[in-house]
Structure formats: C-alpha cells, structure tokens
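The values are calculated or read from the model by the stated rules, or taken from the named source; none is laboratory data. A quick note: this is a predicted structure, and the numbers were derived from the prediction, not measured. No Cβ is skipped: glycine too gets one built from the backbone with ideal geometry, and neighbour counts run over all protein chains shown.
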Amino acid sequence: MSGVPVRAFFIGAVIVLAVCERTRAQALPDSSIVQFFPTQHLFPRLLADGTSHQLGVSKDLHSRLWLGTMGAQRPLLQLSLGSCDLQAGIGATVQTSFLRTSPLLQVVTVDFLVDFPVDIRISPSFTVRTGYGHYSAHLADDGIEQLGIPSVNYAKDYIMFLAACALQDIGGFVYGGGRMDFHSLPEREKHWVAQWGGEAGNITVLPFLRLYAAVDFRFKQENAWRSTQSYQVGAKLFQQPTGMARIAYTYRTGIDDRGQFFRHTADFSLLGIYVDF
C-alpha cells in the first residue's frame, strides 16, 4: 500500500478514532476494553454478495456450471471506547467455478480474495466499515484458455467504504457504499465500485430454522456502471454469533462476478449450501 489512497485511509482512521475517543472521554471515563478474537461480528454478513467470504457450493440450475467458495472472515481484535466499538479482522476466500463434464470436473476459474476490514459501531443500529483488500482472478488461466477465451490479468487492490443500518421493522438491515480500486488491472483508469443492498425477514419457523431474503447490487465504473444484481431467499440453520449453516436460492444477473469474465453478462439460478464463520 502506498501513495495518496493509503495516506487518506490512515488519516480517515485516525480521525474516526479521535472522534470516538473524544466522545468516550466525555461520556464514560472508564478504561477502554480490549477483546481478542471476539465471537460476534460488528458489521453484518452480506449474504447475497457473490464475492463475500463464505464456505459453500452452489449449482446453476440451467447449466453444468458449479460455483464453490472456500473461506471465512473472522474478527481478531475489538476495542470498546464507551460510545463506539472498533473491530479489526481478516478475511480470505478462494472462489472457483467449474463445469461438470463426465467423468471429470473441468476447472474454469480460480479467484483469490483477501481483506483486512476495520468496523466501527457508532450506535447499536449503525456500523461503518473500511479497510484494505486484494482480489486476484488469474490463478487458473489455463482453464479459460481451454474454453477458447483469452485469459485476462485481472487484479485489484482497494479500500472499502460501507455503512450498515439495522432496521427492526424489516427484521434485518440495509447497507451501502463501495470501494476505490487504487491499483486496477486491466482497466487502469477506472477505480470505483458502488454497492448497496439489504436483508429482511429472519422469520423464526423452528428453534433452529429462520427464513430470510437478501439483495445485493454492485455497479462498476470499469463496466460503464452496469450492475451485478443478486436476489436471494433461504433458510438459516442453527444460527449462533460464531456462525451458521444456510440453504439458499440466488438469482444473479448482470455483469459476471468472476474476474476473467468481467466484460461478460451472466444469468444464473443458483441453489447452494453454505457455512458462515
């Protein structure tokens, strides 16, 4: 990380910490509380986001395409400052897509995503997120070449800016913001991604079963601000602060999530099983 974006990120983090500390000093004179490896995430999981950290596998109901994700996001440290809480963590995921061609599975793409989120809970219902991340989508270029498609050196280094607000009236939350890709390949001069969405429902059917619905919309400058839209309905099983299992159906349309296909459109009907940590 270097240059103006990095300086801006650290300056912003210092300002937020200074505001939290000033408010804490005025409201609660007690000592700050440091907690290592907290069990609860301050920022909500974005379940409909196809690039979020999770462990799972899904099948497109209209083709031979399978999508797999192997990863998780975990908080490492939480600092309670009285009027607000700050949580730092790490997330990493390998995202794969492959075609079922008897008797083998043909790997199409392997993408890698790692980020270091910093979440700040300003009030019980409002949380913001920033942090650094890296995305590489050229770990299985031979799979693309076997399909007769030229591979792309697709990579991003970015800083994220998101805010989430819990809404009891809908049984969930809404979120919005985006990210700035300060290092971007192959589109070097198009840096911005906008994102918004939400989750609703969370209706308890059985003590271990809750039904929910979620949406996610992303708009990329590199695609002339065209969208990737995800609509998801599913069931949360055995939900705990540390994680849960899910069964979900997702309809995803618009610009393809996979970096090697960033110029292509997709139309997937995905049935999947997931585990969130």
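Some notes on this structure:
- Some residue of region 217-226 being on the phi > 0 side of the Ramachandran plot and either in contact with a Phe, Trp or Tyr (Cβ under 6 Å, 6 or more places away or on another chain) or basic (Lys, Arg) (or both): yes
- The numbered conditions (1) modelled with pLDDT of 95 or more; (2) buried (at least 16 other Cβ atoms within 10 Å of the Cβ); (3) not in a strand (DSSP E or B) are all true for residue 228 except (3).
- Condition broken by residue 73, with the remaining ones in (1) closer than 26 Å to residue 274 by Cα; (2) surrounded by fewer than 17 Cβ atoms within 10 Å (Cβ to Cβ) satisfied: (2)
- Cβ separations smaller than 7 Å between residues 6+ apart or across chains give the following pairs from region 106-125 residues that are within 14 Å of residue 77 (Cα to Cα) to residues that are part of a strand (DSSP E or B) and among the acidic types (Asp, Glu): 121/85.
- Here residue 257 fits the description: among the acidic types (Asp, Glu), buried (at least 18 other Cβ atoms within 10 Å of the Cβ) and closer than 18 Å to residue 135 by Cβ.
- Single residue of 56, 50 found to be under 30 Å from residue 101 (Cβ atoms), crowded, with 17+ Cβ neighbours inside 10 Å, small (Gly, Ala, Ser) and modelled with pLDDT of 95 or more: 56
- Among the residues of region 194-225, those that are surrounded by fewer than 15 Cβ atoms within 10 Å (Cβ to Cβ) and either among the hydrophobic types (A, V, I, L, M, F, W, C) or under 19 Å from the mean Cα position of the chain (by Cα) (or both) comprise 203, 205, 206, 208, 209, 211, 224, 225.
- Number of residues in region 241-264 that are more than 23 Å from residue 43 (Cα to Cα), modelled with pLDDT under 95 and over 17 Å from the mean Cα position of the chain (by Cα) equals 5.
- Residue 194 vs. criteria over 26 Å from residue 153 (Cα atoms) and at pLDDT 95 or above: no
- Within region 231-260, the residues that satisfy the criterion of being closer than 22 Å to residue 155 by Cα and not in a strand (DSSP E or B) are 256, 257, 258, 259, 260.
- Of the residues making up region 86-130, just one is more than 20 Å from the chain's Cα centre (by Cα) and crowded, with 20+ Cβ neighbours inside 10 Å, namely 108.
- All of (1) in contact (Cβ under 8 Å) with a residue 12 or more places away in the chain; (2) surrounded by fewer than 19 Cβ atoms within 10 Å (Cβ to Cβ); (3) on the phi < 0 side of the Ramachandran plot hold for residue 154 with one exception: (2).
- Any chance residue 41 is under 16 Å from residue 120 (Cβ atoms) and either at pLDDT 95 or above or not basic (Lys, Arg) (or both): yes
- If you go through region 230-257 and pick out every residue that is under 15 Å from residue 213 (Cβ atoms) and of a type outside the set (Phe, Trp, Tyr), you end up with 11.
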